[in-house]
Amino acid sequence: MADITDIKSIVYTEKTLGLQENGVVVIKTSPRVSKNSLKEVLKEYFGITPLKVNSLRTHAKVKRFRGRAGVRDALKKFYVTLPEGVSLDKQEA
């Protein structure tokens, strides 16, 4: 079961702000979170029941920066479709 601490951040980019106008929020989480556990977290902490949840998995990746090897974290992104008139920004955790 996932917890609120598994949610790393809500993504705010030019693309995701366009999606937010249509009621879709993009959330980064740890890779172990499932769709059902994310739905439970949103219902428990924000009081929101999402209409639809799509997931995208990003694997860890070795990248070089100034000649040194580093590793990007593995994470999962969820595209959460919220009901009309509901936003995560207005809710209190």
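Derivation of every value follows stated rules applied to the coordinates shown; laboratory data play no part. Just so we're clear, the structure is a prediction, and the values are computed from it rather than from any experiment. Reconstructed Cβ throughout: ideal geometry from the backbone, glycine too, with neighbour counts over all protein chains shown.
One table, with the values for the structure above:
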{"read-out": "Cα-based shape type of segment 1-48, given that a ≥ b ≥ c are square roots of the gyration tensor eigenvalues and the cut on a/c is 1.5", "value": "prolate"}
{"read-out": "Subset of K28/K61; K8/K61; K39/K63; K39/K77 violating a 23 Å alpha-carbon distance limit", "value": "K39/K63"}
{"read-out": "5 Å-binned pair-distance histogram of segment 1-83 (Cα, whole percent)", "value": "3, 14, 23, 23, 16, 10, 5, 4, 2, 0"}
{"read-out": "Stretch gain in nm, segment L19-M1, where the contour uses 0.36 nm per residue and the Cα spacing is subtracted", "value": "3.7 nm"}
{"read-out": "Vicinal HN-Hα couplings computed from phi for segment 33-40 (Karplus, 6.51 cos²θ - 1.76 cosθ + 1.60; Hz; Gly/Pro x)", "value": "6, 9, 4, 5, 5, 5, 4, 5"}
{"read-out": "Relative contact order for the chain, counting Cα pairs under 8 Å that sit 6 or more residues apart, in percent", "value": "32 percent"}
{"read-out": "Net charge dipole size for segment 29-93 [Lys, Arg +1 and Asp, Glu -1 on Cβ; Debye, nearest 20]", "value": "760 debye"}
{"read-out": "Sites S34 and R68, calculated FRET efficiency, Cβ-Cβ separation with R0 41 Å, nearest 0.05", "value": "0.75"}
{"read-out": "For the chain, the longest site-free run once GluC sites (Glu not before Pro) in DSSP loop states with at most 14 other Cβ atoms within 10 Å are removed", "value": "22-83"}
{"read-out": "Charge dipole (the chain, unit charges on Cβ, about Cα centre) - positive-most of V26, L75, M1", "value": "L75"}
{"read-out": "Fluctuation leader among R32, R57, R68 - the chain, Gaussian network, Cα springs under 10 angstrom", "value": "R68"}
